[in-house]
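Coordinate-derived values only; no laboratory data. Note that the structure is predicted; figures quoted are calculated from it, not measured. Cβ: placed from backbone, ideal geometry, glycine included. Neighbour counts: every protein chain shown.
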Amino acid sequence: MHFRVTLKIIGMLLMAFSTSMLPSLIIALSLPDDSSESTFALSFCITFVAGFLVWLPFSKHNNVLRTRDGFVIVVMFWSILGLFGALPFYFSSPLAALNPNWSYVDALFESLSGLTTTGATVITQLDTLPKSLLFYRQLLQWFGGMGIIVLAVAILPMLGIGGMQLYRAETPGPVKDSKLTPRITETAKQLWYIYLTLTVTCALAYWFAGMNAFDALTHSFSTVAIGGFSTHDASLGYFDNAAIETIAIVFMLLAAVNFGLHFQTARTFRQKHYKASLLHYWRDEEFRFFLGVMAIISFITVATLWLTNDMTLNDSFRQGVFEVVSIATTTGYATADFALWPPMLGFLLFSAAFMGGCAGSTGGGMKVVRVLIVLKQGLREIQRLIHPNAIIHVKLGSSPIPDRVAEAVWGFFSVYTLVFMVMMIALLATGLDQVTAWSAVGATLNNLGPGLGDVAAHYGDINTTAKWILCFSMLLGRLEVFTLLVLFTPMFWRN
């Protein structure tokens, strides 16, 4: 383990992260009714100085990172980022005024929820908060969406070859060794170009559909990041605009698709192969399965609302499709309270979030490709019962899946289920009821946000111990369980 170079990188990344507070500082200084300039100035100084003090003693150390170093850096950085990212929330006087019992754990919960794109909140009365704080809250989700580590790999050449170790440790999805370009720094840059393009396009679409410039930009941050934070308590339902909801559906789906497919589209489009730039989406089996599941759940939801909830077909379609896409992609936007729908629908939508988005997307959950592989393996076992001597391969598309990948998927599924059970039991031990505990763990572990029971609207009323547990759950979900749990194994620390 190269602890010196690890601390050096942590210090550099922390100094870089401190600049994320400067836009909010500028907004606070430019708006006469916004008095949060001291909050962001103090938070920036503390974060930058802390990063500088960590970096300075080890600034001369240079070593190539190993895989284990990558895991340590990623886990340490996300944890430290949450701690320092909480400072503007903790120092905010408007938040303290709205919440007399406001504590650091509340600020940490909000910070981690933003950075991990979970979207669970302990804050109420968002419409009364200063714009600088709302902008910072949304910006956290945007940075967390693609992964600040991937951004660091793109912009910090000092990481060199070791950047691949960070990329493998941080990037979501089961296929971590695939690169879009020969150089890892170029891969990270291409991902961020695509991410930025989607964000700008989404912001412009929101603006043309009727949002003001501030809401359009901030909601594009959380839409493309599949985060779900909003600047209004009523979420996207505040606007009551079908065009805005349609735009949100489109970009939530685009952000939940493997960004490797978007990269292929951009490359073939530059080469003027316009037909080929879209056909590869349909050739991807994970993409087809993802759209198929969305279509089936949407049909069931719309039909159920129309037949049992005394709603018109138009309202059933509008609310049903939006909530399916929002919950199933783990975004968490709301135009209706699905907890008040027939219980079957609430459970169906919440269960869909366990699948989440595609591998290599900004979505949470277990990822579509893992669910698809598990289903294919189940089907293979049924076929083996009929033909015991047959050699049957599990294929994804036309390519057989290596046994190593299949074993990894089953291992992830097993650990994911075990972690879910342990976290739920821990929450039950704090005094939460079963529905609240089950949905709170599912919402945080899948980086979804809204839950059921006492956390249907917000998480502000649950006890402090439960909030600490859910903070850990959000980190587990964002780092896909293994990246974090591997640090707790004795084997990891042996030479």
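Quick notes
- Net charge in the neighbourhood of H61 (other residues with Cβ under 10 Å of its Cβ; Lys, Arg +1, Asp, Glu -1) is +3.
- Reported to the nearest whole Å, the Cα centre-to-centre distance from segment 4-64 to segment 384-408 is 49.
- With the highest mean first, a sort of the peptides 444-452, 25-33, 383-391, 300-308 on other beta-carbon atoms found within 10 angstrom per residue produces 444-452, 300-308, 25-33, 383-391.
- Under-5 Å amide H pairs with D233, H placed in peptide plane, nonlocal only: L126, D127
- Expressed in Å, the radius of gyration and Dmax of the Cα atoms of the chain are 22.2, 77.
- Taking amide hydrogens as placed 1.01 Å from N in the peptide plane, the amide H of K395 sits under 5 Å from those of I401, each at least 5 positions away in sequence or on another chain.
- Bins of 10 Å, starting at 0 and running to the largest distance - Cα pair percent for segment 404-493: 17, 47, 26, 9, 1
- The Cβ shell under 14 Å around V105 holds other residues with a net charge of -2, Lys and Arg each +1, Asp and Glu each -1.
- For segment 58-119, the convex hull spanned by the alpha carbon atoms encloses 100 Å³ per residue.
- Cα lying deepest toward the dipole's positive end in segment 205-305, options A209, A243, A256, charges on Cβ: A256
- Both numbers refer to the Cα atoms of segment 219-362; Rg and Dmax are 15.9, 51 Å.
- Each Lys and Arg Cβ is given +1 and each Asp and Glu Cβ -1; about its Cα centre, segment 333-406 then shows a dipole of about 320 debye.
- Helix-only arithmetic for the chain: the sum of -39500 (n - 2.57) across DSSP H runs with n ≥ 4, divided by the residue total, places the mean residue ellipticity at 222 nm at -21000 deg cm²/dmol.
- Put simply, the convex hull of the Cα atoms in segment 217-256 casts, on average, a shadow of 2.5 nm².
- Under 5 Å, built H, 5+ apart or other chain: amide partners of S361: F259
- A Cβ-based charge dipole, computed about the Cα centre of segment 350-495 with Lys and Arg at +1 and Asp and Glu at -1, lands at about 540 debye.
- Dipole size of the chain about its Cα centre, with +1 on Lys/Arg Cβ and -1 on Asp/Glu Cβ: approximately 2380 debye, rounded to the nearest 20.
- By other beta-carbon atoms within 10 Å, ranking F413, F89 with the fewest at the front produces F413, F89.
- Among residues other than V409 with Cβ under 11 Å from its Cβ, the summed charge is +2 (Lys and Arg +1, Asp and Glu -1).
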